[in-house]
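This report concerns only the one structure given below.
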Amino acid sequence: MSKFKPSVDQLFASLKRCIQASDHVGAERASEEIIERAFEAIDQDDNDQAVAIGKRMQELGNPVGFEIEALVLDDASEPAKAVEVLERGLQAIPDAWRLWELLGNIHSDEARPDDAAKAYDKALACTGAEPASVRYNMALNLARSDKYDAALEAIEPVDVESLEDSELRLNTAAFKTSVLTQLGRFDDAIGLATRVLGRLTDEDYTEESVPHIAELHAQLGRSQAEGKQDAEKAMKHALDAIRIDQGNELALSLVRAIRNDVSDKASLYQLTVKGTWHEPFEGESEKRDFRQTFAIIADSPEQALEMAREVSPDELRRTLAIEESEAVEALPEEPKGVCQVSPYMFYEDEDGDAPGSKPSHKHGCGCGCS
């Protein structure tokens, strides 16, 4: 028997009843499920549904309604409209720290660091604000303007290693390691990254956290290379990062720099490979074929393919073959190796379903590390 899943309308009816009855626990549960439905809609590109939910939450005076609508607009490359929604929300609910934080994030993304800084200050002053989250974004905003000393000062009050939220802990640790390295504080950077990585548990390896774990390895490799001139340790951590997140660009650049294999014949190749996934998807009996695109500096398409295989999971390497290859430009002075990796793109199945994509081990870091 399948579990009953109430409709959005039913959830809103339940929420209104709970509010009228002063049932705070019930109202919180209904709100949480409504919010979950909104973010499910965003994940499924059903923006109309997400915005509709957001507007209904706004009518009930819940700030998350403005947050949802603003996120949809910002994701749709309409930051000015997203800012308008957030400012409208803050006029109604000025003590909503998440709205101030999101406003700061959009200003920062749009290269308005001063406006972003003001929004983050407002967020920190709100009731119930989460300083770790706000200070991370505050520091990232400063780092984007190359103000690394100020960025470190902003993040310093956060006890990074004790943060309970795994994604926030790992993302913040990777960012702070990057800032420490940028400031030449290599021992501090190595110490932080080593401690955080040394305390990882299986529970930390979530879809959201994996890119940040890889970034920590990459930043640790960078610190070993720049601060200690230890190419062996730097290479180890770079390869660990690539095994965890195939597309980590810092790790890929470290491998190229450490090997420093330069050739007069080298060109930048846009290489599309095809392969077969190592196991059937859930509910399917046949393995899916996929394609993936690499930017690789190599002497030939064949050498580029070998380099693509090197950074691919062991179980996929032997299935890879060249589908398309284009020499984009000659790069005789650049170290050879993989520069960028796309997500996996899967071919249609026998039923004609549209191809899907799978990140090249999840997402890019998004932590703003240099």
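The values are calculated or read from the model by the stated rules, or taken from the named source; none is laboratory data. Every value quoted in this text rests on a predicted model; they were computed, and no experiment measured them. Here Cβ is always computed from backbone atoms with ideal geometry, including for glycine, and neighbour counts include all displayed protein chains. SASA here: full protein model, heavy atoms, side chains in, ligands and nucleic acids out. Shrake-Rupley method; radii C 1.70, N 1.55, O 1.52, S 1.80 Å.
Computed over the Cα atoms of the stretch 78-133, what is the ratio Rg over Rh, Rh following Kirkwood? Walk me through the intermediate numbers first.
Details: Rg = 10.4 Å, Rh = 11.0 Å.
Rounded to two decimals, Rg over Rh is 0.95.
Would you mind classifying the stretch 264-352 by shape? Square roots of the alpha carbon gyration tensor eigenvalues, ordered a ≥ b ≥ c; an a/c under 1.5 is rounded, otherwise it is prolate if a/b is larger than b/c and oblate if not.
Details: a/c = 3.24, a/b = 2.42, b/c = 1.34.
Note, shape of the stretch 264-352 comes out prolate.
With only Lys, Arg, Asp and Glu charged, each at its Cβ (+1 for the first two, -1 for the last two), find how big the charge dipole of the stretch 171-266 is about the Cα centre; round to the nearest 20 debye.
On the way: 12 positive and 16 negative charges, 77 e Å.
Charge dipole, the stretch 171-266, about its Cα centre: 380 debye, nearest 20.
Once the Cα gyration tensor of the stretch 9-156 is found, what semi-axes does its equivalent ellipsoid get, as square roots of 5 times the eigenvalues, in whole Å, sorted largest first? List each step's numbers first, then the result.
Numbers: eigenvalues 180, 60, 30 Å².
Equivalent-ellipsoid dimensions as semi-axes: 30, 17, 12 Å.
Assign one of three labels to the stretch 192-348, namely rounded, prolate or oblate, based on the Cα gyration tensor with a ≥ b ≥ c the square roots of its eigenvalues; rounded applies when a/c is under 1.5, prolate when it is not and a/b is larger than b/c, and oblate otherwise.
Details: a/c = 2.68, a/b = 1.06, b/c = 2.51.
The shape class here is oblate.
Over 28 Å between Cα atoms: which of LYS176/LYS274; LYS176/LYS236; LYS118/LYS147 fall into that group? Mind showing how you got there, number by number?
Numbers: LYS176/LYS274 38 Å; LYS176/LYS236 21 Å; LYS118/LYS147 16 Å.
Where the Cα-Cα span goes over 28 Å, the pairs concerned are LYS176/LYS274.
How large is ³J(HN,Hα) for each residue in the stretch 79-93, as worked out from phi by the Karplus curve 6.51 cos²θ - 1.76 cosθ + 1.60 (θ = phi - 60°), to whole Hz, x for Gly and Pro?
Result, rounded to whole Hz: x, 5, 5, 4, 4, 4, 4, 5, 5, 5, x, 6, 5, 7, 9.
Where the only charges are on Cβ atoms (+1 Lys, Arg; -1 Asp, Glu), what is the dipole of the chain about its Cα centre, to the nearest 20 debye? Could you put the intermediate results ahead of the total?
Details: 40 positive and 74 negative charges, 159 e Å.
Computed charge dipole of the chain: roughly 760 debye.
Would you calculate a helix-derived [θ] at 222 nm for the chain, using -39,500 (n - 2.57) for each DSSP H run of n ≥ 4 and dividing by the full residue count, to the nearest 500?
On the way: 16 runs with 207 residues, N = 370.
Estimated from H runs of four or more residues: -17500 deg cm²/dmol.
Helix 186-198 versus the longest principal axis of the chain: what angle, 0 to 90°, nearest 10, using Cα atoms?
Roughly 70 degrees, rounded to the nearest 10.
What does the accessible area per residue of the stretch 1-98 come to in Å², with a 1.4 Å probe and no ligands, DNA or RNA counted? Don't jump to the answer; show the numbers that get you there.
Working: 5980 Å² over 98 residues.
It amounts to 61 Å² per residue over the stretch 1-98.
Can you match Rg/Rh (Cα atoms, Kirkwood Rh) to one of these, (i) 1.01; (ii) 1.12; (iii) 0.98, based on a calculation from the structure here?
Only one listed value fits the structure, namely (i).
Rounded, prolate or oblate: which fits the stretch 1-81 when a ≥ b ≥ c are the square roots of the eigenvalues of the alpha-carbon gyration tensor, with rounded for a/c under 1.5 and prolate only if a/b beats b/c?
On the way: a/c = 2.88, a/b = 1.48, b/c = 1.94.
Note, shape of the stretch 1-81 comes out oblate.
Compare the peptides 216-227, 30-41, 165-176 by average per-residue count of other Cβ atoms within 10 angstrom and give them in order, highest first.
Values: 216-227: 25.7, 30-41: 18.0, 165-176: 23.0.
Packing proxy ranking, top to bottom: 216-227, 165-176, 30-41.
Tell me, what is the per residue accessible area of the stretch 166-319 in Å², probe radius 1.4 Å?
Values: 7070 Å² over 154 residues.
Per-residue value: 46 Å².
Using the Cα centre of the stretch 139-190 as the reference point, and only Cβ charges (+1 on K/R, -1 on D/E), how large is the resulting charge dipole? Debye, rounded to the nearest 20. Could you put the intermediate results ahead of the total?
Values: 5 positive and 11 negative charges, 53 e Å.
The calculated dipole for the stretch 139-190 is roughly 260 debye.
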